[in-house]
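Take a look at the structure below.
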Amino acid sequence: MKRRNTPSQQAILAMLNATNSALSQDQIEQKLKGEVDRVTIYRVLNRFCEDGMAHRIVSDEGKFYFALCRTCEHHHHTHDHFHFRCLGCQRVECLPEQVSLSLPNGYQVAQVNCWVSGYCAGCNA
């Protein structure tokens, strides 16, 4: 079933496209300045994740951030990479390094969540 492309979806997608960092629902809500309500933002972000357009990042504090899937291929959709949050500017971004795990026989990975905190080059200067 084809999903409708609503003005709310277009606004949120444009915002995610305009940044190279991951954004929280609160950040998106603030940037949209009341154009789209909180529940709609939540539904749109979850739909983007379900459709493989974006991925959800869980911070060490349990807060959700969302980033577009820029490097995933349609046949190989994976999010097993590190995420970095700057303690100075609070920016969250996906890092290119892939996480590689060697698990014991019989174990299977269901989800990888790698969160790194520190200072970005701009804040560390």
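The values are calculated or read from the model by the stated rules, or taken from the named source; none is laboratory data. These numbers were taken from a predicted model, which means no experiment stands behind them. For neighbour counting, all protein chains shown are included, and Cβ atoms are generated from backbone atoms with ideal geometry for every residue, glycine included.
So the values come out like this:
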read-out: Neighbours by Cβ (under 6 Å, 6+ apart or cross-chain): first from the range 101-124, modelled with pLDDT under 85; second of a type in the set (A, V, I, L, M) and surrounded by 10 or more Cβ atoms within 10 Å (Cβ to Cβ); value: V112/V99; N113/V58; C114/V99
read-out: Filter pass, V36 being assigned to a loop (DSSP other than H, G, I, E, B) and modelled with pLDDT under 90; value: no
